[in-house]
Amino acid sequence: MDINLFIQEFITISNAYDTKNYLDKWHTNAVLDDPSVGQVFKGHAGIEKYFESYFIGYKTQSRLIRLAIISDNEAHIEVAFTGDFPEGKIDGVFDFIFSDGKIAAAKADLIR
């Protein structure tokens, strides 16, 4: 798996608000933990709710600041978010664990 390419595609799909292809990047039983919103999102249904609420709902656009590939199946990214949320711009991080070319688990958080 080319993690760099995967992350580039993930951000492009996110910025296009392409829910179908966004969900295709995640395992059907993946878990996304986001302490900044105080929730854990499970499976495609939960991750779709997260994406529609916090990305589509706030017209969030993401720009990759830094990608650190930890191992063959782990990566850490830092991103800048802009959108229709109170701050207008805020930085965040995602820690990903991959399995079979998809995201198996992620932890997301905002940098305040």
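No value in this document is a laboratory result; all are computed from the given coordinates. All values derive from a computational prediction rather than experimental measurement. Here the Cβ is made from the backbone with ideal geometry for all residues, glycine too, and neighbour counts use every protein chain on show.
A few remarks follow.
- All strands (runs of 3 or more DSSP E) inside the range 30-104 with 2 or more residues being crowded, with 16+ Cβ neighbours inside 10 Å and without any contact (Cβ under 8 Å) to a residue 60 or more places away in the chain: 61-71, 89-99
- Residue count, the range 38-76 (criterion: of a type in the set (A, V, I, L, M) and farther than 16 Å from residue 95 by Cα): 2
- Scanning the range 1-48 for residues that are of a type in the set (Lys, Arg), over 11 Å from the mean Cα position of the chain (by Cα) and more than 27 Å from residue 86 (Cα to Cα) yields a single hit, 20.
- Every residue from the range 11-23 that is without any contact (Cβ under 8 Å) to a residue 60 or more places away in the chain and either surrounded by 13 or more Cβ atoms within 10 Å (Cβ to Cβ) or within 18 Å of residue 101 (Cβ to Cβ) (or both): 12, 13, 14, 15, 17, 18, 19, 20, 21, 22, 23
- Of all residues making up the range 43-83, the number that are among the hydrophobic types (A, V, I, L, M, F, W, C) and over 19 Å from residue 96 (Cβ atoms): 2
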